[in-house]
């Protein structure tokens, strides 16, 4: 009971510190570099089997990306970790709260590299791919939620700049500096 109260208090504190914003305007990237084996989320335990079209799992806009054990998983955007734990069919999972009511969920993980309350940057390594929970082969469950509504990651997230299995992002510009390209003037 005490753990639930602490989690609710942590969530209230996080929500109070995040200014309201149009959640769909937040920049998100895919959490892995290899998107070649991305598919819909099928009914648990039925990966590789034909989909059951009347199953509620088939209609989820979340995605399952089939990858090798230990593949790095990166944060899809800037945010705060609101859950990093083992939870039912997701197995080891992470929830990241972004601006507004937007949060991302990563499931079936092998290892967690963050804990609840940690702040994460866009592209930061947060976990590794596994097969925990109700999963029959290694892969990553990835979902984007906005006010409890699921958003299809294919429409909301862009492909990340990658080097091998790692997401490579340029460092953010320093405050008060001008990007080099804008300092060049033409006659």
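Some notes on this structure:
- Inter-probe distance in nm under a simple model that places probes 7 Å from Cα toward Cβ, at residue 148 and residue 111: 3.7 nm
- Our estimate of slack between residue 69 and residue 125, defined as 0.36 nm per intervening residue step minus the Cα-Cα distance, is 18.7 nm.
Taken together, the values in this text are just the output of simple stated rules run on the coordinates, not laboratory data. It should be emphasised that the depicted structure is a prediction, and the values quoted were computed from it without experimental measurement. For neighbour counting, all protein chains shown are included, and Cβ atoms are generated from backbone atoms with ideal geometry for every residue, glycine included.
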